[in-house]
Amino acid sequence: MASQALHLMNSFYAPSILSRLLATTASLFQARQAHAHIIKTGLSTQTHFSTRLISLYANHQCFADAELVLGSIPEPDVFPLSTLIYACTKLNRFGLALGFLSRMLSRGVLPDAQVLPSVFKACAGLSDLRAGRPIHGIATVTGHTSDSYVQSSLVHMYVKCNGLADARKVVELMPDSDVVSWSALVAGYARQGCVSEAKEVFDEMASLGIEPNSVSWNGMIAGFNQSGRHSDSISTFQQMHSQGFKPDGTSISSVLPAVGDLDILIVGIQVHGYVIKQGIGSDKCVVSALIDMYGKCACSAEMSQVFDEMEQLDVGACNALVAGLSRNALGDTALRVFREFMGKGIDLNVVSWTSVIACCSQNGKPMEALDLFREMQVAGVEPNSVTIPSLLPACGNISALMHGKAAHGFIIRREIPVDVYVGSALIDMYAKCGRIQASRLCFDGLRTRNLVCWNAIMSGYAMHGKAKEAMEIFHMMQRSGQEPDSISFTCILSSCSQSGLTEVGQNYFNSMFEEHGIEPKVEHYACMVTLLGRAGKTVEACNIIKKMPCEPDACVWGALLSVSRIHNNLHLGEMAARKLFELEPGNPGNYILLSNIYAYKRKWNEVDKLRDVMKEKGLSKNPGCSWIEVKNKVHMFLAGDRSHPHMSLINEKLVQFTMEMKKSSCFPNTDFLLHDVEEEDKEQILCGHSEKLAVVFGVLNTRPGSPLQVIKNLRICGDCHTVIKFISHLERREIFVRDTNRFHHIKDGACSCGDYW
Ligand code: ZN
Ligand code: ZN
């Protein structure tokens, strides 16, 4: 009786459940309801119900529920598992798809021609040929490779995984291969930079009577561009045109980046003319590509014109404009334009924010970069793996350690892979923020390293005056098989000169060409001048300038002037300065250095003359500027600037320090001033130096004994160096000061530079 009732109920419910399940739009709720009915009524043994239910759950990404249903099928055949694999692949859950495939295989069920395309797509998505090849083998044995869908999915997989020879074999064996597979193969070779293979396959396709279409041409143009074969990209474009194929918007936006990278403006203008003639100037991708091209060719006027003539504002074009302005060092304009876009309510995306942050980072606007990063998050835009390495240089440049650490934390939380770009940006940031050990930890943690990473850690050690460690890295790099480049040598030579390792530095310099075939450049000669000059070997320093194969530039003469100032060598200083006044007439720093030597020698007449020349030329001293990060906020101090709200407190504290110093018979050093002024005034002026103001501000606003970190846009002055050493001793604090030259790690009244900078 009861079974009869159940039977009746089933015949009543089954059609309605079935119809519900068949509706592709069935909601998750409806699926669950149907699931419950199926269990209650014992219909779960009927595989077609279960399979349908699995598909529904999978489409709603409820893989756990789908597995539950799968488990209730006693002997699942190919259908339920295929359904799951198909759904997973469609949702880009490639790893899961391959997991279901291996379950299928372990039950002795072989994939059929319906599911194989999904399987190969999953292998392509994971770039996993180790899984793909054996499945290809199974497909061959089971005879499914004659299916045209299976064939094209195989081609796609091999192209995606750079197995181009295999892809080619599959295409050539296809009885009715089509233009799509051949084009994919051509594009694959082009992306690998294999010019001759790409052209060979292209011709082969034509000889088989398969007419290449614009997709085939565009794939080749874009592919060559991606592999850095810019001129091949352009010549393919020209060939396409000359053979009677009409380049379309995709062709144009694929070739223009190559034109920009090679900086061939004349070709760019021709392409622009073609765009206007063909009336494809409203294509958004074409407009962005034109803006990008003009930006790379340093034509900011043309770039802005293309932007202004655009019919409808498009976010891609906005991004291209910001990047182009930034590239042409028009940071202020880029920032203004970005703010205008915000005001116009354009839906700015992560690329827009990242490019404006990178722009500020690269164009000397670190504070703005940090602000924008904050605004970006407030606007609800998620930073990505490109945003962080764009922000990190800004943190490093103003020693904003807390901000840098926060960015690092972000990388860890979001599981952003630490590749060579992110890795070297982190190494550089920590080094510039005075945390060289943290730099080293980041370096040691890198799975793969390229030259940029090695140079980043070496430059960090150089900046910190750690010559021994820099040399260790240099040799570790060579043992690992990485050859140094000219930047590596700049790091090594500057770290040797910081540490006074004259002979060692000289040996490295000699080995550059002799062992590594690297021709020394002006910056290496400048390092050598500093290295020899500092050690008092001024004659040798002059000789090396005389022997230079190229014309010494301002860098080299600047190095000579600096060492002249260290030794107060008037003769050398005057010689170097004369050259510098010709080479960089607008740089006030050179006048100041020479004037300091005169002042040391008490030649006040000469000091006055120089001051008059500066006045005549309208040159004033570069304003000294220092930054300090206190409680997650970066504070900026300008020399002589009285506008900081804490200024009276800072001054009070400074006077206190000066008194203490006098008591300990350690008087302020007043050698370092340009003007001939009374002793008292000198002290007043010295009190206004930005690095000292920043340190005192730090002392007043942080926990006693905690370390302080200050950076200065000029070289630290001798007086401030003395005062800060005194403060570190009196306040028992570690103080890191980074100037343009190096790091000063000041502790217990002594500095890591050994007063040698
Ligand atoms: Zn100073
Ligand atoms: Zn120092």
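The values are calculated or read from the model by the stated rules, or taken from the named source; none is laboratory data. Owing to the predicted nature of the structure, the values given are computational and were not obtained by experimental measurement. Note: ideal-geometry Cβ built from the backbone for every residue, glycine included; neighbour counts use all protein chains shown. Accessible surface is based on the protein model in full, side chains and every heavy atom, while ligands, DNA and RNA are left aside. Shrake-Rupley method; radii C 1.70, N 1.55, O 1.52, S 1.80 Å.
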query: If you average 1/r over every pair of different alpha-carbon atoms in region 371-437 and take one over that average, what Kirkwood value in Å do you get?
result: 11.9 Å
field: Rg/Rh ratio calculated on Cα atoms of the chain (Kirkwood radius)
entry: 1.08
query: With each pseudo-label sitting 7 Å past Cα toward Cβ, what's the Asp612-Glu519 distance in nm, one decimal?
result: 4.6 nm
message: Let me cross-check Val180: its accessible surface, 1.4 Å probe, with only protein heavy atoms counted, in Å² to the nearest 10?
response: 100 Å²
- prompt: Where the convex hull is taken over the Cα atoms of region 170-323, what is its projected area averaged over directions, in nm²?
  reply: 9.2 nm²
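Per DSSP helix of 4 or more residues, -39500 (n - 2.57); summed, then divided by the residues of the chain. What does that give at 222 nm, rounded to the nearest 500?
Estimated from H runs of four or more residues: -21500 deg cm²/dmol.
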- prompt: Which whole-Hz couplings ³J(HN,Hα) result when phi for each residue of region 483-493 is put into the Karplus expression 6.51 cos²θ - 1.76 cosθ + 1.60, θ = phi - 60°, listed in order with x for Gly and Pro?
  reply: 7, x, 10, 5, 5, 4, 5, 4, 4, 4, 5
message: In 5 Å bins starting at zero, report the fraction of Cα pairs in region 167-245 per bin as a rounded %.
response: 3, 18, 30, 27, 14, 7, 2, 0
Region 258-365: trypsin sites (Lys or Arg not before Pro) in DSSP loop, at most 15 other beta carbons within 10 Å: Lys344
task: Along each of the three principal axes of the Cα atoms of region 521-622, give the extent in whole Å, ordering the values from largest to smallest.
output: 36, 25, 19
query: How much length is gained on full extension from Glu734 to Lys621, taking 0.36 nm per residue of separation minus their Cα-Cα distance?
result: 37.7 nm
- request: At 1.4 Å probe size, with every protein chain present, just tell me what the per residue accessible area of the chain comes to in Å².
  value: 47 Å²
statement: Carbon and sulfur atoms account, in whole percent of the 1.4 Å probe accessible area of the chain, for 54 percent
field: Linear extension gain, Leu68 paired with Gln238, 0.36 nm per residue minus alpha-carbon span
entry: 55.4 nm
Cross-link partners of Lys90 among lysines (Cα-Cα below 19 Å; sequence separation of 8 or more within a chain): Lys121, Lys160
message: Just to make sure I understand: if all protein chains stay in place, what is the order of Asp248, Asp719 by accessible area at 1.4 Å, largest first?
response: Asp248, Asp719
task: Output ³J(HN,Hα) for region 341-347: one whole-Hz value per residue in order, computed from phi by the Karplus curve 6.51 cos²θ - 1.76 cosθ + 1.60 with θ = phi - 60°, and x for Gly and Pro.
output: 4, 4, x, 7, x, 5, 6
